[in-house]
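Everything below concerns the one structure shown next.
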Amino acid sequence: MGVSRLDIFYRRLLLTKLFIGGWGKPEDLKRIFEFRKIIGDREKCQFLVPEDYPVYINKTEEHSDCLIHDGFLISPLEHLVPGILPPESVKARFQFIVPKRWKNNRPVCIQLAGTGDHYFWRRRTLMARPMVKEAAMASLLLENPYYGYRKPKDQLRSCLKNVSDLFVMGGALILESTVLLRWLQREGYWPLGMTGISMGGYMASLAVTNWPKPIPLVPCLSWSTASSVFTTGVLSRAVNWSELEKQYAVNSVYEEEIINLLEYCGADSFKTCQDLIKNHGSLDDLLTLSEDRSSSGQKSGRGFMIGGDHVDHLLSSVSSSGTTHDTVRRSLNSSMLQGRKTASDSRPSLHKESISFMKGVMDECTHMANFSVPVDTSLIIVVQAKEDAYIPRTGVLSLQEIWPQCEVRYLNGGHISAYLFKQNVFRQAIYDAFNRFCVKYPNLH
């Protein structure tokens, strides 16, 4: 399947760069990766946040069909990893849109924001208000860190300044979603579920991995990891690679210390990204290959895969011989370091290493295989665009491999067209997932 021309065209209209500040402070990355080990294990983090963590409502507006409550909480991440959030992001704001008349039960869907979705207008208008009318379903719209009221003063629009900001956002949203789900339970709402579009789908998926009960989840236009978004998707061309390369070259802590903290070692881990780039020469070659295939209508072939049968076989044979995944990880890291030391200081070598490092850190903090599996994956309905150029699915583990019972629904077209015109499909998937939950767990309150 090719990629959407509209996706490619739309990306070219965006002139701002991502990650102009670079990777983020090495000390922050270390703290984030250590915290990921805790938050990636549902059992370890059940008692991180008190059951009665305070949530506040400070304003209510009455409308013809619903009540809109404005509320907030202090992000638990500020208490658990002090100073990691920018001051503007510590206070987490939300809107709670509640129908005046319920039909069956009192269902609530927490909706997390996609890229560029500041404040609440877009989700409220395109998703929450229609859901009140169509299904008498309430929505809680949580504002992401780094967006809207939570946007740092020195950040340009939606462009996260540092790579580490994306990981901080994820950690904060996992904890904040847990607090809000518990609060909704205490207030007597049921059933509860989560959704999001694009980046919001990733974040909702991460949050659900942490929830200790069966819960409906509908991630739309997202996939198993964010690494491909920034290394092979069209957004990779908006990444400020020159700054990332410079920092990677100047500060040895990235290759000597940070790499050793990367634990994810699946068949699509950063080692196989190195092999891909070695075969194709550069990131631009890969993207040109992708765009050429889109224009000519050709389907992606094995040449565009990260990994493949050879890598799967290699890792499975190593594992079956009694070697632990930790050993595999150390071997991969050692190989990458050796390659770094023997490579020349030319720009192509540095560019390849920076892409590999990006894949490694992204997979560490965003790959669903690095987090607990949701309690009941049959309650997950994934909505994907067949020609999505923003969220490449080629060469990374599929969500069906990670969450075996989940359902995947495919839309024709790309990321942008689906985002703009398929909100009704997203809403129907939410209703279906909630109905599935009610049939399977009618007494699970």
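The values are calculated or read from the model by the stated rules, or taken from the named source; none is laboratory data. Just so we're clear, the structure is a prediction, and the values are computed from it rather than from any experiment. Heads up, the Cβs are rebuilt from the backbone with ideal geometry, glycines too, and the neighbour counts pull from every protein chain shown. Side chains included, ligands, DNA and RNA excluded: accessible areas come from the protein's heavy atoms. Shrake-Rupley method; radii C 1.70, N 1.55, O 1.52, S 1.80 Å.
Things to note:
- Taking 4 °C and 1.567 mPa s as conditions, region 96-222 diffuses translationally at an estimated 87 µm²/s according to Stokes-Einstein applied to its Kirkwood radius (Cα pairs).
- P(r) tail fraction, region 371-445 - alpha-carbon pairs more than 21 Å apart, %: 37
- DSSP-assigned coil residues among chymotrypsin sites (Phe, Trp or Tyr not before Pro) in region 68-147, each with at most 13 further Cβ atoms within 10 Å: Trp102
- Here region 148-214 exposes an accessible surface that is 53 percent carbon and sulfur, computed with a 1.4 Å probe and the other protein chains kept in place.
- Between the listed residues Asn58, Leu77, Thr125, the Cα displaced farthest toward the positive end of the dipole of region 39-128, a dipole computed from Cβ unit charges relative to the Cα centre, is found at Thr125.
- For a modelled paramagnetic label at Phe421, 7 Å from Cα along Cα-to-Cβ, no residue of region 192-230 is in reach, as no backbone nitrogen comes under 14 Å.
- Of the trypsin sites (Lys or Arg not before Pro) found in region 38-72, the ones in coil according to DSSP and having at most 13 other Cβ atoms within 10 Å of their Cβ are Lys44.
- Those residues of region 199-236 whose amide nitrogen sits under 19 Å from the label point placed on His445, 7 Å along Cα→Cβ: 213-216
- Label-to-label distance, Glu62 versus Val90, with points set 7 angstrom from Cα along the beta-carbon direction: 3.7 nm.
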